[in-house]
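Engineer: Attaching a single structure in C-alpha cells format; questions to follow.
The values are calculated or read from the model by the stated rules, or taken from the named source; none is laboratory data. Note that this is a predicted model, so its numbers are computed, not measured. Don't worry about glycine lacking a Cβ; one is built from the backbone with ideal geometry, like all the others, and counts go over all protein chains shown.
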Amino acid sequence: MDKLTEFTQRFKWIIIILSILLTGFFGYELTNIKLNSNVIDSLPANDSIVSLFKDIGKQFGGNEIGMVIIKSDNVFKPAVLKDVRKVTKTVGQIKGVSSVTSLTNILNFDGAGNNFQVNPLINMARLPHTQKGIDSLKQNVVSNKMYRGNLVSADGSSCIVVFKFSSGSDNSAVVKKVKAAIKKLHVHEKIFYAGGPFVTAMVAEIISKDLLFLIPITFLVISIILYLSFHSLQGVVLPMLTAGMAIIWALGCMSLMGLDMSMVSNNIPIILMAVGSAYTIHVLNRINQCREKDYRKAVRKALGHIFIPVSLAALTTMIGFMSFIFGAYLKMIRDFGLITAMGTFFAALLSLFFIPALLSVLRKKPKRKKAKKEVKSYLNDYILNPLTKLVLKHPKYILSAWIILILISLTGVFSIRRSVNVSDYFEKSNPIHVAEKIMNNKFGGTRPVFLEFTGNIQSPAVLKTMQKAQIYLRKSPSITSTQSIADIIIKLNGALSGKYKIPDSEAAIGQLWFLLDGNENISQLVSEDLDKGIIVAKFDGKGNHAAADFAKYMKPFLKQNSRPGCKIQMTGMPFINAEMDQSLLESQIASLIIATIFVIGIVSLILGSFSKGLITSIPIAVTVVILFGSMGLTNIPLNMGTVLVASIAMGIGIDYSIHFITHFSNGLKTGLSVPEAITATMKMSGKAILINFSSVAGGFLVLVFSKLVPMQYFGMLVALSMLTSSLGALSLLPVILTIRNKNRSETV
Amino acid sequence: MVLSISPVFLNAQNAADILQKMDAQAATIKDKTADVVMQMINNKSGKIKTRKAILKQKMPYKTLFRFTYPPSQAGIGTLSLPGGVVYLYMPAFGKPKKMSHIANSGAFSRSDFSTEDMGPRNWAKNYTATILNTNDTAYVLNLIPKDQNKKYLKLIVTVNKQHFFPQKVVYYDLQGEIIKEADYQYAKVGKIWTVKTAGMTNFSKAHTTRIINSNVKLNQGLKDSDFTVKQLIPAEKRGK
C-alpha cells in the first residue's frame, strides 16, 4: 500500500497530465457517439422469433411505416375528407416518403359485365353534402373489411393516412418534416402520429432532452449536498471533477467500442455522477480527518486507510452493473451494464490516483469551516446519536420494526406486474401514448402478428393455404383483422371473372399478377422474388399470457399446414413482448444471483470471513425485499428501467454495510467493547454513510423529471433502496452485530 | 427610333421554336411496330424483372401491346385508345375488359414511365420554355408545365441540337427536388430518328425502368382497324 501511495506522490505530474490527456482524447471520441432509440435493434439476433421478425421488417418494410391519425366526430363529413386529402397530398410530397395511402386516394377495383373498374374509393369531386349521403358513404366504406380497422375506424370517428418511408432515407428527418408540414396545414381535426419511426423519434427526442435537462440538475443537486456536507469549494469541485472525468472516459470508450446511446444508457452520466463522486468524497473525508501538518504525509496516510475500502466499494458496485452483461436479454441493458461498470472503475481509479496527485500538487488541505462542525453536530445530534441510543437500548424494537417492514413487503413481492409495452414508456399525456391508445381501441392495436409463407406465392395451393390461415386466425379472439395477398387475388379474380375465390390455375394467378406487379403496396405482402408472402394479423390479446395462449392456438394449424413447398412460420411483436416479459424476470433473477454471489464472495474475502460476508449482506438483502415489496404494493411494474434497480442497489448499497462492519471490527480490535465500537462506528462511518446516501439518492431522484416512465421509476426506486440500505447499515446491522457479539470476546 | 429586341424575348422565342421543332420531330413518326424489352430494376437489391412485348402504335394515342414474356403473362394484351380508354385481355379470363382507370391499367403503369412519358408530349402546347444553356450538340431547356394541376415544378430537358429530340429529362417535384430522370438513345430507322433505348430512374423509389426497342418499323400505314378490341384477342382464339 505504501508503494502505491509513494507511486502516486512520485509520479503525480505524470498522473495529472495523463489524466488530462485521456480526458481530452475521450472527450473527442465522445462527440462521435450515436443515438439509437430503436428497441428492435436491441433484441438478441440469435433468437429465432426475433430474427424472423427482423427479416420480415427488412424484407416487407414493416418497420418503415408511419401513420397519421386524424380524429374527428365523423371523418366522412366533406370538410374532414378534404383535410384528409390535404394531409395525404402533403405527406406524399415530402422527400423520403415513397407512398401514401388514405381514404382519399385509395383505389377500389370492381367488375361489372365487361368492365373492370378501378376507381377511387371516395370520389372527392362529388362528396356528399346531406346527412343521408354522408351516412351512406360511411356505411359503404366501413362495411368493407379491407378498409375498416385499417384505414378507418369502425365508428367512422378516426382515419389514418399510412405512408412508407423511402428506402435509405433518414427516418427521423422525415418524421420531423411530416410533422412540420402537417402543422402548417392548420387542419381542424386532432392529429396524432404512430408507427415505429415516430416512436423511435419520440424516444430519441426524450433522450436528448433528458440528457440536456437532467445532467445539470443532477450536477446542481449533488453539488448542493456536497457543499452542505463539506462546506468547502474543494469538497464540491473535486468529487464532481472525478465524476465528470469518469463520465467522459466511460462515454468515450462507449463511442470507441461502437456502442450506441440508448434509452437506458442515457442515464449513465447521471448514475456515474451520483456513484462516481462518492469515492472522492471518501478520499477527501479521510484526508480531512488526518491530523498531520505535512499535507503530503496526510494524503499518504489517508490513502493507506482508504485504498482498500474504496476499491472494495467500487468493485461491488461494478459487480452490480456487470451482472447485466451476463443476465440481460436486451443488448441496450448489457451495454449499459458494461459502460457503467467501466465508469465506476474509472471513477475509483481517478479518486485513488488523480485526486491525491492533484492534492499533492495543490499542497493545501481543504479549509474546514465552522459550518462543517455544525453539520456534523446536526447529523450527530438529530440523527446519529438518537439512533445509536435506540440501537443500544432497544435493539428488539429495531429488529421488530424491520421484521414488520419485511413482512409487509413480502405481501407485495408476489404481486409485481411486468410491463414491456412501448406505450408504457411514455407519460399518459404524451402524444405517442395517446396515439397508441387510439390505435389499440380503433384500429386493432399496433402489435402485428406475421405468418410468413415460404413457397411459390403464385401457386394456388399456397394462396389457398394462406386464405385458410386467415380464416383460422380470425376465429381467434386475439385477432382483430388480417391482410394478405390472397385477399387481393380473390378480389381481383372476383372483379374479372365474378368468382370470389383463389383461381385454380397458376396461369390465371400469373395473369392477375400483371395488374399487381410493381405495386408498392404489394411489396409489403409479397417478396420481390415471389417466394415469400406474409399475413399481417392485428393482435389485440390482453394480459401477459395472451401471446402464449395465441401461440398455443396456432400450433396445431401450423403443424398441419406447414409442408415442403409451403413452409409457415409465425412471429410478431406480441411474441417478442412475451419473450421480453419472461426475460425481465429471468434477467432480474440472473443478475441478482450473479450480484449476490460475487458481492458476498468478495466481501467475505476482503473481510476474511464468510460469516462476516453474510452478515454484511443482510441489510442489502432486506433492501431488495423492501424494493420488490414496494413495487408490488405501489403497482410499479418491472420494466426495462426498474429491472436494473435491485442489482445496482446491491452494488452500491453494500458499501454502507462494508464501511460499518470494517470500522466496527477495527474498533473491537483496538479493545473497545461492543457498545463502544458501535457508538464510535456510528459517529465516524455513520456520517459518511448519511452524506453518501444523500448525494447518491439526490442524484438518482433527479430522474423523476425524466420524460420516460421507466426512468422515473428507476430513479425513485434506487433512491428508496439507498435509503433502506443506509438505514439498514445504521440500525439493523448494529443490532445484529450486538446480538452476535453479546457473549463473545472475539470480534464480529 | 431604333428598334430593340429584349434578350429575354429572344430567348423565349428561341425556346418556343425549339419546342415546336421537338413536336415536329416527334410528328415524323406516324406509326410504329417494335419488339420491346422492359427491364424493371430495383436499384437497392439490384434485382431485374424483365417483360417482353410486341408493340403496335399509331400516333397519336393508339397503342397495342401483346406480352410474350414472362411465360406466366404471355398472351396478355393491352390496347390504349384516345381519351384514356384501355382494354385488357388476359387469356385465362376470356373476353377483353374495359379498364376504367388508366393509371392502374396501362402497360407502363408498373414501370417508372407514366403513360404521358411514353406518348406524344405536345411540348409546345404543354410547356413554357427558357434556354438555360447551349453547347455544341445540345440545348438545355427549363420547361414549366402550363397545367394548373401540374405534377412537376419544372423539367430540365437536354435537346439534340441537330435533330431536336430529347436526350435527357430531369423531373423536379413541386418542392423543387429531383424525383425522376430519363435518358434516351436514338437510332435512325430509314430517315427517321426514333428511340432505341429509354431509361427512367425514380429516385424516391430507388427504381429504374429501361425500355429497349428492337426490330423497329416506322410509318407502315397502320390502320385504325388494327387497334380494335377484337385485335387484342389472338387470331386463333377469336372464333372461340
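Engineer: What are the residue pairs meeting all of these: first residue in region A:417-432, first residue part of a loop (DSSP other than H, G, I, E, B), second residue acidic (Asp, Glu), Cβ atoms under 6 Å, and 6 or more apart or on different chains?
Structural biologist: Taking only residues 6 or more apart or on different chains, the pairs are A:VAL420/A:ASP581.
Engineer: Among (1) modelled with pLDDT of 90 or more; (2) surrounded by fewer than 24 Cβ atoms within 10 Å (Cβ to Cβ); (3) in contact with a Ser or Thr (Cβ under 9 Å, 6 or more places away or on another chain); (4) not acidic (Asp, Glu), there is one condition A:LEU717 misses while meeting the rest; what is its number?
Structural biologist: (2)
Engineer: Let me ask you something else. Looking at A:LEU259 and the list (1) buried (at least 24 other Cβ atoms within 10 Å of the Cβ); (2) in a loop (DSSP other than H, G, I, E, B), which single condition is not satisfied?
Structural biologist: (1)
Engineer: Could you list, in sequence order, the residues of region B:46-64 that are assigned to a loop (DSSP other than H, G, I, E, B) and within 11 Å of chain A (Cβ to nearest Cβ)?
Structural biologist: Residues satisfying the conditions are B:GLY46, B:LYS47.
Engineer: So, in region A:433-460, how many residues would count as being within 14 Å of another protein chain (Cβ to nearest Cβ) and assigned to a loop (DSSP other than H, G, I, E, B)? Quick ask: steps written out before the conclusion?
Structural biologist: Of the residues in region A:433-460, the ones within 14 Å of another protein chain (Cβ to nearest Cβ) are A:456-460.
Right, trim to assigned to a loop (DSSP other than H, G, I, E, B) and you get A:456-459.
The number of residues fulfilling the criteria is 4.
Engineer: Residues in region B:139-146: is at least one within 17 Å of B:THR194 (Cα to Cα), part of a strand (DSSP E or B), in contact with a helix residue (DSSP H, G or I) (Cβ under 7 Å, 6 or more places away or on another chain) and not charged (D, E, K, R)?
Structural biologist: No - not one qualifying residue is present in region B:139-146.
Engineer: Could you identify the single residue in A:SER481, A:SER476 that is farther than 15 Å from A:LEU463 by Cβ, away from chain B (no Cβ under 14 Å) and modelled with pLDDT under 90?
Structural biologist: It is A:SER481.
Engineer: Continuing with the same structure: Just wondering, is there one or more residues in region A:90-108 that are among the β-branched types (Val, Ile, Thr), under 26 Å from A:GLY572 (Cβ atoms) and more than 14 Å from every other protein chain (Cβ to nearest Cβ)?
Structural biologist: No: zero hits.
Engineer: Could you pull out the residue among B:GLN25, B:GLN39 that is away from chain A (no Cβ under 14 Å) and either at pLDDT 90 or above or touching a His at 6+ places or on another chain (Cβ under 9 Å) (or both)?
Structural biologist: Within the list B:GLN25, B:GLN39, the selection yields B:GLN25.
Engineer: Let me ask something else about it. Could you please let me know if A:PHE705 is among the hydrophobic types (A, V, I, L, M, F, W, C), out of contact with any Cys (no Cβ under 6 Å at 6 or more places or on another chain) and surrounded by fewer than 24 Cβ atoms within 10 Å (Cβ to Cβ)? Write out each step before concluding.
Structural biologist: On the way: among the hydrophobic types (A, V, I, L, M, F, W, C): yes; out of contact with any Cys (no Cβ under 6 Å at 6 or more places or on another chain): yes; surrounded by fewer than 24 Cβ atoms within 10 Å (Cβ to Cβ): yes.
Yes; evaluated as a whole, the condition is true for this residue.
Engineer: Report, by residue number, each residue of region A:523-559 that is under 35 Å from the mean Cα position of the chain (by Cα), of a type outside the set (Ser, Thr, Tyr) and part of a helix (DSSP H, G or I). Steps first, please.
Structural biologist: Filtering region A:523-559 for residues under 35 Å from the mean Cα position of the chain (by Cα) gives A:523-527, A:532-555, A:558.
Adding the requirement that they be of a type outside the set (Ser, Thr, Tyr) leaves A:524-526, A:532-552, A:554-555, A:558.
Scanning region A:523-559 gives A:GLN524, A:ALA546, A:ALA547, A:ALA548, A:ASP549, A:PHE550, A:ALA551, A:LYS552, A:MET554, A:LYS555, A:LEU558.
Engineer: Can you confirm whether B:PHE108 is under 26 Å from B:ALA27 (Cβ atoms) and either modelled with pLDDT under 80 or part of a strand (DSSP E or B) (or both)?
Structural biologist: yes
Engineer: Quick one: what pairs do we get from region B:35-62, first residue on the phi > 0 side of the Ramachandran plot, second hydrophobic (A, V, I, L, M, F, W, C), C-beta under 7 Å, 6+ apart or different chains?
Structural biologist: B:TYR61/B:LEU81
Engineer: Give me a count of the residues in region A:115-149 that are under 28 Å from A:ILE479 (Cα atoms), hydrophobic (A, V, I, L, M, F, W, C) and modelled with pLDDT of 90 or more.
Structural biologist: Count: 3.
Engineer: Picking from B:VAL169, B:VAL157, B:VAL195, which residue would you name as being away from every other protein chain (no Cβ under 14 Å), within 26 Å of B:TYR87 (Cβ to Cβ), of a type in the set (Val, Ile, Thr) and in a strand (DSSP E or B)?
Structural biologist: B:VAL195
Engineer: What single numbered condition from (1) without any contact (Cβ under 8 Å) to a residue 24 or more places away in the chain; (2) within 14 Å of chain B (Cβ to nearest Cβ); (3) in a helix (DSSP H, G or I) fails to hold for A:LYS499?
Structural biologist: So A:LYS499 meets the others, but not (3).
Engineer: Additional query: Out of everything in region A:33-65 that is assigned to a helix (DSSP H, G or I) and among the small types (Gly, Ala, Ser), what residue ends up being nearest to A:ILE191 (Cα to Cα)? Spell out how you get there, then give the answer.
Structural biologist: We begin by selecting, within region A:33-65, every residue assigned to a helix (DSSP H, G or I); these are A:39-42, A:48-60, A:62-64.
Checking which are among the small types (Gly, Ala, Ser) leaves us with A:42, A:48, A:51, A:57, A:62.
On the way: A:SER42: 30, A:SER48: 37, A:SER51: 34, A:GLY57: 26, A:GLY62: 22 Å.
So, considering only residues that are assigned to a helix (DSSP H, G or I) and among the small types (Gly, Ala, Ser), the one nearest to A:ILE191 (Cα to Cα) is A:GLY62.
Engineer: Looking only at region B:65-89, how many residues end up being among the hydroxyl-bearing types (Ser, Thr, Tyr), surrounded by 22 or more Cβ atoms within 10 Å (Cβ to Cβ) and either more than 12 Å from chain A (Cβ to nearest Cβ) or part of a helix (DSSP H, G or I) (or both)?
Structural biologist: Residues in region B:65-89 being among the hydroxyl-bearing types (Ser, Thr, Tyr), surrounded by 22 or more Cβ atoms within 10 Å (Cβ to Cβ) and either more than 12 Å from chain A (Cβ to nearest Cβ) or part of a helix (DSSP H, G or I) (or both): 1 in total.
Engineer: Let me ask something additional. Pick from region A:25-45 the residues that are loosely packed, with under 12 Cβ neighbours inside 10 Å and not polar (S, T, N, Q): which of them is nearest to the chain's Cα centre (by Cα)?
Structural biologist: Of everything passing the filter in region A:25-45, A:LYS34 is nearest to the chain's Cα centre (by Cα).
Engineer: Take A:LEU21 and decide whether it is without any contact (Cβ under 8 Å) to a residue 40 or more places away in the chain, more than 18 Å from A:ARG447 (Cα to Cα) and more than 21 Å from the chain's Cα centre (by Cα).
Structural biologist: It is true that A:LEU21 is without any contact (Cβ under 8 Å) to a residue 40 or more places away in the chain, more than 18 Å from A:ARG447 (Cα to Cα) and more than 21 Å from the chain's Cα centre (by Cα).
Engineer: Please state which of the following conditions A:VAL68 fails to meet, knowing it meets all the rest: (1) within 14 Å of another protein chain (Cβ to nearest Cβ); (2) not small (Gly, Ala, Ser); (3) not in a helix (DSSP H, G or I).
Structural biologist: Going through the list (1) within 14 Å of another protein chain (Cβ to nearest Cβ); (2) not small (Gly, Ala, Ser); (3) not in a helix (DSSP H, G or I), A:VAL68 breaks only (1).
Engineer: Just for region A:63-76: of the residues that are surrounded by fewer than 22 Cβ atoms within 10 Å (Cβ to Cβ) and either at pLDDT below 90 or in contact with a Leu (Cβ under 9 Å, 6 or more places away or on another chain) (or both), which one is nearest to A:ALA194 (Cα to Cα)?
Structural biologist: If we take residues in region A:63-76 being surrounded by fewer than 22 Cβ atoms within 10 Å (Cβ to Cβ) and either at pLDDT below 90 or in contact with a Leu (Cβ under 9 Å, 6 or more places away or on another chain) (or both), then A:ILE65 is nearest to A:ALA194 (Cα to Cα).
Engineer: OK, next. Identify the single condition in (1) surrounded by fewer than 18 Cβ atoms within 10 Å (Cβ to Cβ); (2) among the hydrophobic types (A, V, I, L, M, F, W, C); (3) within 13 Å of another protein chain (Cβ to nearest Cβ) that B:ALA16 does not satisfy, given that it satisfies every other one.
Structural biologist: That leaves (3) as the condition not met.
Engineer: What is the one condition in (1) among the β-branched types (Val, Ile, Thr); (2) within 43 Å of the chain's Cα centre (by Cα); (3) within 14 Å of chain B (Cβ to nearest Cβ) that A:ILE509 does not satisfy?
Structural biologist: (2)
Engineer: I would also like to ask the following. Could you list, in sequence order, the residues of region A:191-241 that are closer than 30 Å to A:ASN430 by Cα, touching a helix residue (DSSP H, G or I) at 6+ places or on another chain (Cβ under 7 Å) and without any contact (Cβ under 8 Å) to a residue 60 or more places away in the chain?
Structural biologist: Scanning region A:191-241 gives A:LEU211, A:ILE215, A:PHE219.
Engineer: Is it the case, given these coordinates, that A:VAL174 is without any contact (Cβ under 8 Å) to a residue 24 or more places away in the chain, β-branched (Val, Ile, Thr) and buried (at least 18 other Cβ atoms within 10 Å of the Cβ)? Walk me through how you get there before you give the answer.
Structural biologist: Details: without any contact (Cβ under 8 Å) to a residue 24 or more places away in the chain: no; β-branched (Val, Ile, Thr): yes; buried (at least 18 other Cβ atoms within 10 Å of the Cβ): yes.
No.
Engineer: Of all residues in region A:94-123, how many are surrounded by 15 or more Cβ atoms within 10 Å (Cβ to Cβ) and either free of Cβ contacts under 8 Å to residues at least 12 places away in the same chain or not charged (D, E, K, R) (or both)?
Structural biologist: Number of matching residues: 20.
Engineer: Something else now. Can you tell me which of (1) within 24 Å of A:ASP155 (Cα to Cα); (2) free of Cβ contacts under 8 Å to residues at least 60 places away in the same chain; (3) not aliphatic (A, V, I, L, M) is the one A:ARG447 doesn't meet?
Structural biologist: Failing condition for A:ARG447: (2).
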